[in-house]
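Down below is the structure, laid out as structure tokens.
The values are calculated or read from the model by the stated rules, or taken from the named source; none is laboratory data. Bear in mind the structure is a predicted one, so any value in this text is a computation, not a measurement. A quick note on method: Cβ atoms are made from the backbone with ideal geometry, for glycine too, and the neighbour counts reach across all protein chains shown.
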């Protein structure tokens, strides 16, 4: 209320000062001074009007500043009360709760702690009886090429044919007879043909048939003397062996005739970074011979088990390869009658 009164008094003084200033401006002050007592008329001179106006303005300013300060203190108090702890709610005397009249001794009830471990139920069933298979005899091969010495199953390798076909190097070190139009044009233009030996991993009745990686060693001879020994190149194979599944056929490259010059294609393993291995492919010309022989020896690429060995007669002009052993299912020539 005090602040409101100060504001009202200040506003009234300002209005009075303004009113006297207006009267003085219209030259009506003489009439007013004559109608008022002398003591009061002395305070309404233009100089006193300015003082009255300033006093009224100061009163209003002081009242406004005090009002701002009071409002700020009130807001801070409300915020501090809001951050304070909540006061407990009053207890309803009509409820079932009754305040104790005297402080009783505290009663602590100790309950035993019980920990429950997870339980897993396992049901044991009797093992299922597998159907018994008839015993089979694994195909074992001796170092001499006869069954009997190696007591583990091995691929049953057999030579089933030889042929002369156009070939081409379709990739880095990869030779193939499966040629497209472009590769066929190159093979024809370079008169590029190859001697191929076909092998199969033949299945056998009553024996355990297995597959495996097969590596080929080729030994070239002329006039009874060996002039080259290489690891053979299988068609469409990136590495130095061919993977034979049961009853699968793969083809081995024996010689390539290119521009009337015979070459051999071999594979060789080399060491590379980080203890790895790589495969290199080499092409070497065959010496100027008209006829020679080549021995093909097949072994298991994993353990070196002997799988096959056969010798062929090698003819370069014209290009030809003849086995010097009897191939399976090969028809015999009729014996001429005397």
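For this structure, a couple of remarks:
- Some residue of the stretch 19-30 being surrounded by fewer than 16 Cβ atoms within 10 Å (Cβ to Cβ), at pLDDT 75 or above and over 60 Å from the mean Cα position of the chain (by Cα): no
- Residues satisfying the criterion are absent from the stretch 282-299 (criterion: closer than 20 Å to residue 211 by Cβ, in contact (Cβ under 8 Å) with a residue 12 or more places away in the chain and surrounded by fewer than 17 Cβ atoms within 10 Å (Cβ to Cβ)).
- Against the conditions (1) part of a strand (DSSP E or B); (2) more than 42 Å from the chain's Cα centre (by Cα); (3) surrounded by fewer than 16 Cβ atoms within 10 Å (Cβ to Cβ), residue 191 satisfies every one except (1).
- Odd one out for residue 276, checked against (1) surrounded by 12 or more Cβ atoms within 10 Å (Cβ to Cβ); (2) over 22 Å from residue 157 (Cα atoms): (1)
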